[in-house]
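What follows is one structure encoded as structure tokens, with my remarks underneath.
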Amino acid sequence: MWFSHHLSIRENEIAGGRYGLHFMYCHDSTVAGNRLTGNSVGAYLMYSQRLKLEGNRIEGNRGPSGYGIGLKDMEDSQVSANLLAGNKAGFFLEGSRGNFVRNFVVYNDRGLVIFPSASGNLFEANAFSENGEQVIIEGLPGIMTTNTWRGNFWSDYVGFDAGGDGKGDVPYRPVQLFERLATRHSALRLFAENPATEAIDFASRLFPVFEPQPKFIDLEPLMAPPPLPVSTFKPRSSGLLKWLFLSMGLLLWPLSILLRLKPPAAAAIRPQGNGANGNVSGAPPVEPVAISVFRLAKRFGKVEAIGDLSFEVRQGEAVALWGPNGAGKTTVLRCLLGLFPFEGKAHVQGLACGCRGKASRQRLGYVPQEIRFHPDPSVWETICFYAHLRKSSIDRARMLLLEWNLREVMHRPVRHLSGGMLQKLAVVIALLSDPPVLLLDEPTSNLDARARQEFSALLERLKKAGKTLLFCSHRASEVWRLADRVIVLEGGRKIAEGSPEEVRRHLLKGAVLCLTVPVERCAEAAQALDSCGFGVRRNGTQIWIDVPAGRKLEPVERLIEAGVPILDFELDSGRGYASPEK
């Protein structure tokens, strides 16, 4: 669902998909009474306000991330009476705020994964039972005080209820030492169900000097879970051996990709052109074709992910695959990498792609959307490891380290890197074998506005250096800045192709202006803009304004007149498709 408000999604059963349900910019919507089972991700909801998510049953979603419900940059969500069982993670929260009441979060590997950017949330009367880890707070070693925890049931609570009121007399303080160690050293998770882990936690309680600081505190934990909000279920089976093989598979999956992308052999690259020499007398020279795709088709069972897709990318071009999530952008890249079998033809510098297309893969560097490196080694150790795998010299590794401004963090463990630094590290590893063509999947999706601008500038530098870029994005501003051409996908099919200006002129409407103001002035700024007739949406300290083509500066002028400081701004020139009559 994309840019669709006041949706009502009720009593559907969605199974076996990539996303069971996916939102972007869908305000004032209700998702109730649905069953989402066996998908890679149950529901992933982004950039929306005032969502009601209630009475849903979300089970067994176990893809690479495996979220039952993921909320990213969501505001004023009401999440109640949902059952989340047997997922890799029950809830995932990043940059989001809402109320979570009477949800059952049971038999998940992780009950809740929450980032420090998710603040102002209320967790009340929920049941967290028999999860491998109840709550994971990413990137924050100490206690998290920006959310409220009140009256939840915790299956690992060891307190008492002397007064008989159903509430524990001592607070719930999650201080498991092994869990904290495993968060910092992920390899220890291999021993998660070993009796030694219980001994470590028991020892930390006997000797408080070793006891870590709690992640949060629930002052009134429930002694018994509240009534189950939906029908009963059968929990998934679990076991150390099954968990071990699953974990090792996830760790080795990115490694298997990199092993396939070995550096190119010292062989001449055969250029392609139009006619005998790729040029016409008196015309400017035509660059050879770097990527050629002809009638590409890919199906997953009965679902058509890509249908009859044809396009070319010239050497040195930057071409964007643009469209909403689920349009088929990532699938195209994975077909070129040979990760998916497909119908039709695809070539990289004249070499056939496919599951056996080793020679074509040698011409490709790949930066995936989800960056997964081992968290414990340093940046330099990680680069050297992959340089050895790809038979690249240490001198080249050192040169890339300096070129991409990673020298200051070279001895820092990977787990301590910011999103921008982690993305730079992924590009450095993709460039180790100096491939002529780079495939980038949503390269700035997990970065803040400042990091996006910096990273986009670095990609422009690669483009000027002669690299061919094929990248996926749903950010219009990123497409306009980087792309020479844009291929618009919808439902796996090409619906438009042309220069950014041509696509913007024919397919897009309006713009969205994002202004960052001091948090104490946010309400005042929203009221001032609303009085001028602008559509205003709030997300923390950010205000999103729908602006027509001729009024893009007016919101800034209005806030200056009102005396409201503007700390930052970003203009996304077109975020949705317009119908022909509009």
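Among rounded, prolate and oblate, which fits region 331-371 when a ≥ b ≥ c are the square roots of the eigenvalues of its C-alpha gyration tensor, a/c under 1.5 means rounded, and a/b larger than b/c means prolate? Spell out each step's value before the answer.
Values: a/c = 2.10, a/b = 1.32, b/c = 1.58.
Oblate, since a/c reaches 1.5 and b/c is not below a/b.
Label-point separation (nm) for residue 302 and residue 3, each offset 7 Å from Cα along Cα-to-Cβ?
Output for this residue pair reads 3.1 nm.
Kindly put 1, 74, 399 in sequence by how many other C-beta atoms sit within 10 Å of each C-beta, fewest to most.
399, 1, 74
Using a basic spin-label model with each label point 7 Å from the Cα along Cα→Cβ, how many nm lie between residue 217 and residue 450?
Inter-label distance under the simple model: 3.3 nm.
Could you check the spin-label model distance between residue 523 and residue 391? Points 7 Å from the Cα along Cα→Cβ, value in nm.
Modelled inter-label distance: 6.6 nm.
Taking the Cβ of residue 151 as the centre, find all other residues whose Cβ is under 12 Å away and add up their charges (Lys, Arg: +1; Asp, Glu: -1).
Taking every Cβ under 12 Å from that of residue 151, the sum is -1.
Could you list which residues have their amide H under 5 Å from that of residue 493, counting only those 5 or more apart in sequence or on another chain, with H placed in the peptide plane?
Excluding prolines and chain starts, which carry no amide H, the hits are 307.
Please report the Cα spread of region 51-125 along all three principal axes, rounded to whole Å, starting with the longest.
28, 24, 18
Would you mind pulling out the separation of the Cα centroids of region 64-113 and region 352-413, in Å?
33
May I ask you to compute the full-extension gain from residue 28 to residue 162, defined as 0.36 nm times their residue separation minus their alpha-carbon distance, rounded to one decimal in nm?
Additional length available on full extension: 43.9 nm.
For region 1-114, just say rounded, prolate or oblate: build the C-alpha gyration tensor, square-root its eigenvalues into a ≥ b ≥ c, call rounded for a/c under 1.5, and beyond that prolate if a/b exceeds b/c, oblate if not.
rounded
Determine, for 329, 464, the number of other Cβ atoms within 10 Å of each Cβ, and report the residues in order from fewest to most.
464, 329
Could you give each residue of region 330-340 its phi-based ³J(HN,Hα) in whole Hz, using Karplus coefficients 6.51, -1.76, 1.60 with θ = phi - 60°, and x for Gly or Pro?
Whole-Hz 3J(HN,Hα) from phi for region 330-340: 5, 4, 4, 4, 6, 5, 4, 6, x, 7, 10.
Test of understanding: what is the full-extension gain from residue 343 to residue 557, defined as 0.36 nm times their sequence separation minus their Cα-Cα distance?
Value of the extension gain: 71.7 nm.
Would you mind classifying region 287-507 by shape? Square roots of the alpha carbon gyration tensor eigenvalues, ordered a ≥ b ≥ c; an a/c under 1.5 is rounded, otherwise it is prolate if a/b is larger than b/c and oblate if not.
Prolate is the answer for region 287-507, as a/c is 1.5 or above and a/b outweighs b/c.
As an exercise, use a Förster radius of 35 Å and the Cβ-Cβ distance of residue 378 and residue 464 to find the FRET efficiency, rounded to the nearest 0.05.
0.70
Give me, ordered by chain and number, the residues 5 or more places off residue 218 or on other chains with an amide H under 5 Å from its own placed amide H.
Result for residue 218 returns 172.
Rank the residues 339, 482 as a footprinting-exposure proxy: fewest other Cβ atoms within 10 Å of their Cβ go first.
Arranged by neighbour count, lowest to highest, 339, 482 become 339, 482.
Each reported figure results from applying straightforward, stated rules to the coordinates on display, with no laboratory input. Given the structure is predicted, the values throughout are model-derived calculations rather than measurements. Cβ sites come from the backbone with ideal geometry, for glycine too, and all protein chains shown count toward neighbours.
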